[in-house]
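Below is one structure, written out as structure tokens, with a few remarks after it.
Here, each number is a calculation from the coordinates, and none is a lab measurement. The shown structure was predicted, so the numbers you read here are calculated from the model rather than taken from an experiment. All Cβ positions, glycine included, derive from the backbone under ideal geometry; neighbour counts span all protein chains shown.
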Amino acid sequence: MVKKTGNRSFYKYWYLKLNDPNLQRALWIRFTVLSSRNGFKQVAELWAVYFQRISVREIKKIAVKQTLGIEAFSESESSIIRLGDCELSQRGTRGIIQSKGQSIRWDLSITPERDSSFDFIPKILSKFRLIKNKMNTDSEEILFSGTTEINGEKTQWKLAPGMTGHLSGRKNPHSWVWGHCNTFFDERGNPVEFLFDGLSARNPMGPLISPQMSSFFFRYQGENYSFNQLRDTLYLKSKNTLMDWEFQADRNDLSFRGHAKAEYKDFAGLTYEDTDGSLLYCSNSKLSDLKIVVYRAGKLESTFTAQGTAAFEIVSRKKNPYVPV
């Protein structure tokens, strides 16, 4: 169990997402521990959002959140996370969240597809503690199988592609844009092995807020391309609005150029509390569109498309007026 931490502030988040590309549905779950700066608020929280495309123009979203005392949290030496009756490990996850007449129950096994992880923070910035947050994708490619019950309606998941990640620190990043997808299709509509994971964030650096810094990960033609060194941040390109994100990463003669987008109605609006009591507003979609083109020596080599299978979220200190919370 977590002991009382006095005036020390911290947050820890563990999250996972999985997609069913055939049925156009997705599930996002987050395990959270928060201790405020003055020690007044110490809680463990469980979050989940279920996304289901009903039609071309409509996505049903069911969001639940449950707050527990921080004593409900425990982490074992084998990295098993428990919050009350909910659990997350390398082998699976299970639990139930009930809130305001809604409920999401899950019991899912995890099968690693590849042993891959990614650290978004440049090592030199972590080494000299210029950025004190930790932001990692623990598993870029895993498969989920099992069942969920959304308001009592039971459904099966079989080898649904997904991922897990972990964030922690003394204070949240100021703002960020994040995207992930491991379910792409080629120009002919055939499934293809390609992966993207990317983050553009502004972080606290002492009393200041850093400029937007980006880190990207691609798996292309069986090779991993990581852009998470300090020198990469000088050349990576990233630009976003409230509903789309364009980015570019170049290495030698290769150029990865991407565009993620979602309609306002596709987002679930969530409000996070920071360790100093300030609020962050998250627009979260797990059925977004993403297109990435790859150029080699200036010539188009490949095009990868994810229609309704990409994760895309925008987190800001300002509320998006077009996305209801």
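Expressed as a rounded percentage, what relative contact order does segment 216-264 have, with Cα pairs under 8 Å and six or more residues apart?
24 percent
With each run of n ≥ 4 DSSP H residues scored as -39500 (n - 2.57), what mean residue ellipticity at 222 nm is computed for the chain after dividing by its residue count and rounding to the nearest 500 deg cm²/dmol?
That calculation yields -500 deg cm²/dmol at 222 nm.
How far is the Cα center of segment 15-66 from the Cα center of segment 215-232, in Å?
If we compute the Cα centre of each part, the gap is 27 Å.
Return the FRET efficiency for the residue pair Leu300, Glu113: r is the Cβ-Cβ distance, R0 is 30 Å, and the value is rounded to the nearest 0.05.
0.60
At 0.36 nm per residue, minus the direct Cα-Cα distance, what do Tyr322 and Arg188 gain on full extension? Give it in nm, one decimal, please.
Between Tyr322 and Arg188, full extension yields an extra 44.8 nm.
Lysines near Lys158 by alpha-carbon distance under 20 Å, same-chain residues fewer than 8 away left out - which ones?
Those lysines meeting the cut-off are Lys17, Lys286.
Once Lys and Arg get +1 and Asp and Glu get -1 on their Cβ, which of Ser109, Leu143, Pro122 lies farthest toward the positive end of the dipole of segment 71-158?
Value computed over the given set: Pro122.
Quick check for me: using +1 on Lys/Arg Cβ and -1 on Asp/Glu Cβ, what's the dipole size of the chain about its Cα centre, in debye to the nearest 20?
1060 debye
Taking a ≥ b ≥ c as the square roots of the eigenvalues of the Cα gyration tensor of the chain, is the shape rounded (a/c under 1.5), prolate (a/b larger than b/c) or oblate?
oblate
Tell me, what HN-Hα J-couplings in whole Hz come from the Karplus equation 6.51 cos²θ - 1.76 cosθ + 1.60 at θ = phi - 60° for each residue of segment 36-53, using x for Gly and Pro?
6, 4, 8, x, 5, 10, 9, 9, 10, 10, 10, 10, 7, 9, 9, 10, 9, 6
Output the relative contact order of the chain, whole-number percent, from Cα pairs under 8 angstrom with separation of 6+ residues.
Once normalised by length, the contact order is 14 percent.
About its Cα centre, what dipole magnitude does segment 135-277 give when the only charges are +1 on Lys and Arg Cβ and -1 on Asp and Glu Cβ, stated in debye to the nearest 20?
For this selection, approximately 280 debye.
Through the Karplus equation 6.51 cos²θ - 1.76 cosθ + 1.60, θ set to phi - 60°, convert the phi angles of segment 178-192 into ³J(HN,Hα) values in whole Hz; use x for Gly and Pro.
Those phi angles translate into 9, x, 8, 7, 10, 10, 10, 10, 8, 4, 9, x, 8, x, 9 Hz.
May I ask which residue of Ser288, Asn224, Thr241 lies farthest towards the positive end of the charge dipole of the chain, with charges of +1 (Lys, Arg) and -1 (Asp, Glu) on Cβ and the Cα centre as origin?
Looking along the dipole axis, the top candidate is Thr241.
Sequence neighbours fewer than 8 away in the same chain don't count; with that in mind, list the lysines whose C-alpha is under 18 Å from Lys291.
Lys237, Lys239, Lys261, Lys299
Set Lys and Arg Cβ to +1 and Asp and Glu Cβ to -1, take the dipole of the chain about its Cα centre, and tell me which of Phe312, Val64, Gln156 lies farthest positive.
Farthest along the dipole direction, towards plus: Val64.
What is the dipole size for segment 239-325, taken about its Cα centre, with +1 at each Lys and Arg Cβ and -1 at each Asp and Glu Cβ, in debye to the nearest 20?
Dipole size: approximately 240 debye.
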